[in-house]
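Beneath this line is the structure, given in structure tokens, with notes to follow.
The values are calculated or read from the model by the stated rules, or taken from the named source; none is laboratory data. Just so you know, these numbers come straight off a predicted model, no measurement behind them. Using ideal geometry, Cβ is built from the backbone for each residue, glycine included, and neighbour counts are taken over all protein chains shown. When the accessible area is computed, the model is the full protein with side chains, heavy atoms only, and any ligands, DNA or RNA have been set aside. Shrake-Rupley method; radii C 1.70, N 1.55, O 1.52, S 1.80 Å.
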Amino acid sequence: MSNQSRIRLEQVTKRWGASTAVDNISFDVTPGQFVILLGPSGCGKSTTLRMIAGLEEASSGQVHIGERDVTHLPPGDRGLSMVFQSYALFPHLSVADNIVFGLRSRKVPKAERRERLNKVAELVDLTDYLDRKPAQLSGGQRQRVALARSIISEHPICLMDEPLSNLDARLRSDMRREIKALQSRLNMTVIYVTHDQVEAMSMGDRVILMQHGTIVQDGTPDELYNRPASAFAASFIGSPAMNLLPLVAGANGAVIEGEPGTSVAPLEAAGGQLGIRPEDIELHPANSPGVPATVISEEYLGADTIAYVAVGAHTLRVRLNGRPLLTQPACRLYWAPEKIHLFDANGQRRHDTLQEDPSAAYRRVPRPPAVGSFQH
Ligand code: ADP
Ligand code: MG
């Protein structure tokens, strides 16, 4: 595939007065990639996207598209299209006129306009709605008009800023799959902004997680889930969120605050945090080996149940299949030692051998027998 839809940011910064919205970020998007900019509100996602589009000018750094340095080019010269959260449709124009608006202003001949319109309308399933006004459409249909307007431009790059956030949950999930399918069918390069980790995980080939204007982690959805770079990344990906527990020094290793009897990590991990995902914890009867705990409450969700369980001074979320019958509050928790994540006092992932050391005391907790009796 040609390089013309490669996007490269080099040490890009955006300041407004004394505040820095985007702080010296760099990344390189391969043609045909679906890249997510993910992060909480205010972390600089839209500003980054708008600098790529040319709607904001970078305070410093360069933006390259293909072989060109586009840092100072106006939006119209950058060869890309953009889909906004607000859709930005013209209310007085029909669906058809909204879709071909850009082609008309670029003086594309009428016959070609019509041909491209028909093709794109079919692609996004709007053929029967071309004469309507935007007010006569549902939210999902309006979103498809905005998508169609972007696709018809035939630019190889599409930038999307929270395009699904106005839709209800069911429609969002349909549209996620539609957008992903369109992107791979048309082989577009997409940068997609969202604060929703489900969208990021399900659509992205690659997720760039941002916090306070900087990149926290840049990797595949798998990497973000399995090897979060920081406690922030760990808590942002996955639902319910990963449990994060402060570790203090115990007699035999690091222990969870308030539960001095059970070492759960090597002593060197004390002062940092232990991360363990709700889905990686097993609940066993109180006479089993494992970490002593007390069930406080349960949230039944249909396919699974989230149990809230106290360990020492902290409460953990535990994800259980179906609707287990928890007959008594006292229990033990078990997790496979390789499932833990260790973060240092600054919340950064510990990239040492702590987690892999098979001789550590905490790894010698025997696995309790299969769950069964406890839940009936
Ligand atoms: P996100 O899209 O991740 O929610 P934004 O990129 O919109 O975040 O905003 C990042 C930061 O920049 C925020 O603190 C926001 O208030 C600030 N900001 C955004 N646009 C402007 C602007 N035009 N003038 C001043 N500050 C802005
Ligand atoms: Mg935004």
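Within this structure, residue 254 passes the test of being open to solvent by less than 50 Å² (accessible area, probe 1.4 Å) and over 29 Å from residue 12 (Cβ atoms). Against the conditions (1) free of Cβ contacts under 8 Å to residues at least 60 places away in the same chain; (2) within 16 Å of ligand 1 (Cβ to nearest atom); (3) of a type in the set (Phe, Trp, Tyr), residue 129 satisfies every one except (2).
Note on region 103-161: residues that are outside any helix (DSSP H, G or I) and among the aromatic types (Phe, Trp, Tyr) total 0. Annotation note: of 277, 206, 227, the sole residue that is of a type in the set (Lys, Arg), touching a residue at least 40 places away in the same chain (Cβ under 8 Å) and open to solvent by 50 Å² or more (accessible area, probe 1.4 Å) is 227. Go through region 9-50 and report how many residues are in contact with a strand residue (DSSP E or B) (Cβ under 6 Å, 6 or more places away or on another chain) and either within 16 Å of ligand 1 (Cβ to nearest atom) or more than 20 Å from residue 194 (Cα to Cα) (or both). Going through region 9-50 one residue at a time, the tally reaches 25.
Here are some residues: 215, 208, 179. Which one is aliphatic (A, V, I, L, M), more than 10 Å from the chain's Cα centre (by Cα) and within 13 Å of ligand 1 (Cβ to nearest atom)?
215 is the lone residue from the list that is aliphatic (A, V, I, L, M), more than 10 Å from the chain's Cα centre (by Cα) and within 13 Å of ligand 1 (Cβ to nearest atom).
For residue 216, only one of the following conditions fails: (1) under 26 Å from residue 146 (Cβ atoms); (2) crowded, with 16+ Cβ neighbours inside 10 Å. What is its number? Of (1) under 26 Å from residue 146 (Cβ atoms); (2) crowded, with 16+ Cβ neighbours inside 10 Å, only one is false for residue 216: (1). One residue alone among 26, 86, 46, 19 is polar (S, T, N, Q) and surrounded by 14 or more Cβ atoms within 10 Å (Cβ to Cβ), and that residue is 46. Scanning region 54-71 turns up no residue that is closer than 23 Å to residue 143 by Cβ and surrounded by 20 or more Cβ atoms within 10 Å (Cβ to Cβ). Only one of the numbered conditions (1) touching a residue at least 40 places away in the same chain (Cβ under 8 Å); (2) surrounded by fewer than 16 Cβ atoms within 10 Å (Cβ to Cβ) is not met by residue 177, and that is (1). Identify all residues within region 311-351 that are among the β-branched types (Val, Ile, Thr), outside any loop (DSSP other than H, G, I, E, B) and either open to solvent by 70 Å² or more (accessible area, probe 1.4 Å) or over 13 Å from residue 284 (Cβ atoms) (or both); write none if there are none. If the condition is that a residue be among the β-branched types (Val, Ile, Thr), outside any loop (DSSP other than H, G, I, E, B) and either open to solvent by 70 Å² or more (accessible area, probe 1.4 Å) or over 13 Å from residue 284 (Cβ atoms) (or both), then 311, 315 are the ones that fit. Selection of region 151-172 for residues being within 17 Å of residue 34 (Cα to Cα) and in contact with a Leu (Cβ under 9 Å, 6 or more places away or on another chain) yields 151, 154, 155, 156, 157, 158, 159, 160, 161, 163, 164. Of all residues in region 162-174, those satisfying the criterion of being within 16 Å of ligand 1 (Cβ to nearest atom) and either in a strand (DSSP E or B) or open to solvent by less than 30 Å² (accessible area, probe 1.4 Å) (or both) are 162, 163, 164. Of the helices (runs of 4 or more DSSP H) lying entirely inside region 191-287, those containing at least 1 residues that are among the small types (Gly, Ala, Ser) are 197-203, 231-236. When region 89-121 is limited to residues that are over 14 Å from residue 144 (Cβ atoms) and among the hydrophobic types (A, V, I, L, M, F, W, C), the one that is surrounded by the most Cβ atoms within 10 Å (Cβ to Cβ) turns out to be 100. Scan region 356-369 for residues that are surrounded by fewer than 17 Cβ atoms within 10 Å (Cβ to Cβ) and at pLDDT 65 or above and the total you get is 3. Scanning region 15-62 for residues that are aliphatic (A, V, I, L, M) and away from ligand 2 (no atom under 16 Å from the Cβ) turns up 18, 29, 58.
The residue that is farthest from residue 157 (Cα to Cα), counting only those in region 1-11 that are in contact with a Ser or Thr (Cβ under 7 Å, 6 or more places away or on another chain) and outside any loop (DSSP other than H, G, I, E, B), is 11.
Scanning region 147-176 for residues that are under 9 Å from residue 83 (Cβ atoms) and more than 18 Å from the chain's Cα centre (by Cα) returns 147, 149, 150, 158. Taking region 302-324 as the range and being under 25 Å from the mean Cα position of the chain (by Cα) and over 20 Å from residue 273 (Cβ atoms) as the test, the residues that pass are 302, 303, 304, 305, 306, 307, 320, 321.
The set of residues in region 198-238 that are away from ligand 2 (no atom under 15 Å from the Cβ), closer than 23 Å to residue 169 by Cβ and not aliphatic (A, V, I, L, M) comprises 202, 204, 221, 225, 235, 236, 238. Residue check: is residue 353 β-branched (Val, Ile, Thr) and modelled with pLDDT under 65? It is true that residue 353 is β-branched (Val, Ile, Thr) and modelled with pLDDT under 65.
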